[in-house]
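Below is one structure, written out as structure tokens; comments come after it.
Just so it is clear, none of the values below were taken in a lab; they were calculated from the coordinates. Please read all numbers here as calculations on a predicted model, not as lab measurements. Note: ideal-geometry Cβ built from the backbone for every residue, glycine included; neighbour counts use all protein chains shown.
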Amino acid sequence: MNMPCQLSNVTRKYLARYDCILNEMIKGMTEARLTESISHNFIVQMIPHHRAAIAMSENILQYTTDIPLQEIALSIISEQTKSIENMQDILCTCENQINCPQPLCTYGHRVDQILETMFTQMREACYDNQINANFIREMIPHHRGAVRMSRNALLYEICPCLRPILEAIISSQEKGIAQMEALLCHVSR
């Protein structure tokens, strides 16, 4: 973490919880049991990603009094809880969609690049005593990672049940990025 100033006890507590969430997400995504199915692999890596967004949102809700940020966090919790349920419902069906080795390898290589970028950006977010701004600086690369992972999966032969979930992830998280980028100027003051 890049911490340029002395942090308050409240900020330290917020960031300690964030660090635990981030480490758990990284472990869940990098240690997921991958198969010969791009659809299966996407789901088992996206579920811990979504769980982290929910936990990050619950973390900020303990500290923020900013109403627009509260609404964003509550929306993340609602949307990503539903997305996890949807992915769990189709996992057994989707794991039967087997991919050939070459596209599977290309897909996996691109996912590794996306994850490395996302993990680095989330770890290197600039931290100060403005907890609301910290949350946004952490969540924007998190959302961008989900969008990139979803767009990547759409390039390949995937389970038809997964396609609307990917499209919903892209739509909701691009909207969330725009909302947070607009809000960042307000909460950084």
| task | Keeping to the range 62-74, report how many residues are part of a helix (DSSP H, G or I) and either under 13 Å from Leu15 (Cα atoms) or among the polar types (S, T, N, Q) (or both). | result | 1
| Of all the residues that make up the range 127-170, how many are without any contact (Cβ under 8 Å) to a residue 12 or more places away in the chain and not in a helix (DSSP H, G or I)? | 1
| note | Only one of (1) within 20 Å of Ser83 (Cβ to Cβ); (2) without any contact (Cβ under 8 Å) to a residue 12 or more places away in the chain does not apply to Glu174, and that is (2)
| field | Selected residue (criterion: surrounded by the fewest Cβ atoms within 10 Å (Cβ to Cβ)) from residues of the range 136-184 that are more than 21 Å from Arg51 (Cβ to Cβ) and in contact with a Phe, Trp or Tyr (Cβ under 8 Å, 6 or more places away or on another chain) | value | Leu155
| field | Candidate set: the range 93-126, residues that are of a type in the set (D, E, K, R) and touching a residue at least 60 places away in the same chain (Cβ under 8 Å); chosen: the one nearest to Glu157 (Cα to Cα) | value | Glu95
| query | Any residue in the range 123-130 that is out of contact with any Gly (no Cβ under 7 Å at 6 or more places or on another chain), surrounded by fewer than 16 Cβ atoms within 10 Å (Cβ to Cβ) and more than 30 Å from Asn9 (Cβ to Cβ)? | reply | no
| field | Among the residues listed as Arg51, Arg33, Arg17, the single one being of a type in the set (Lys, Arg) and more than 30 Å from Gly108 (Cβ to Cβ) | value | Arg17
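Going by what's in this entry, would Thr120 be described as of a type in the set (S, T, N, Q), under 23 Å from Ile177 (Cβ atoms) and not in a helix (DSSP H, G or I)?
The answer is no for Thr120.
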| Cross-chain or 6+ apart pairs with Cβ under 6 Å, the range 30-48 first and touching a residue at least 60 places away in the same chain (Cβ under 8 Å), then buried (at least 19 other Cβ atoms within 10 Å of the Cβ) and of a type in the set (Val, Ile, Thr) | Ile38/Ile158; Ser39/Ile158
| message | Going residue by residue through the range 148-156, is there one that turns out to be farther than 18 Å from Asn41 by Cα and touching a helix residue (DSSP H, G or I) at 6+ places or on another chain (Cβ under 8 Å)? | response | no
| request: Answer yes or no as to whether Glu79 is at negative phi, of a type outside the set (Val, Ile, Thr) and in a helix (DSSP H, G or I). | output: yes
| message | Leu22 - would you say it is touching a residue at least 60 places away in the same chain (Cβ under 8 Å), assigned to a helix (DSSP H, G or I) and under 22 Å from Asn132 (Cβ atoms)? | response | yes
| remark: Considering the range 1-27, residues that are under 15 Å from the mean Cα position of the chain (by Cα) and surrounded by fewer than 17 Cβ atoms within 10 Å (Cβ to Cβ), and then whichever is farthest from Thr65 (Cα to Cα), we arrive at Lys27
| If only one of Asn99, Asn59 is in a helix (DSSP H, G or I), more than 12 Å from the chain's Cα centre (by Cα) and surrounded by 19 or more Cβ atoms within 10 Å (Cβ to Cβ), which one is it? | Asn59
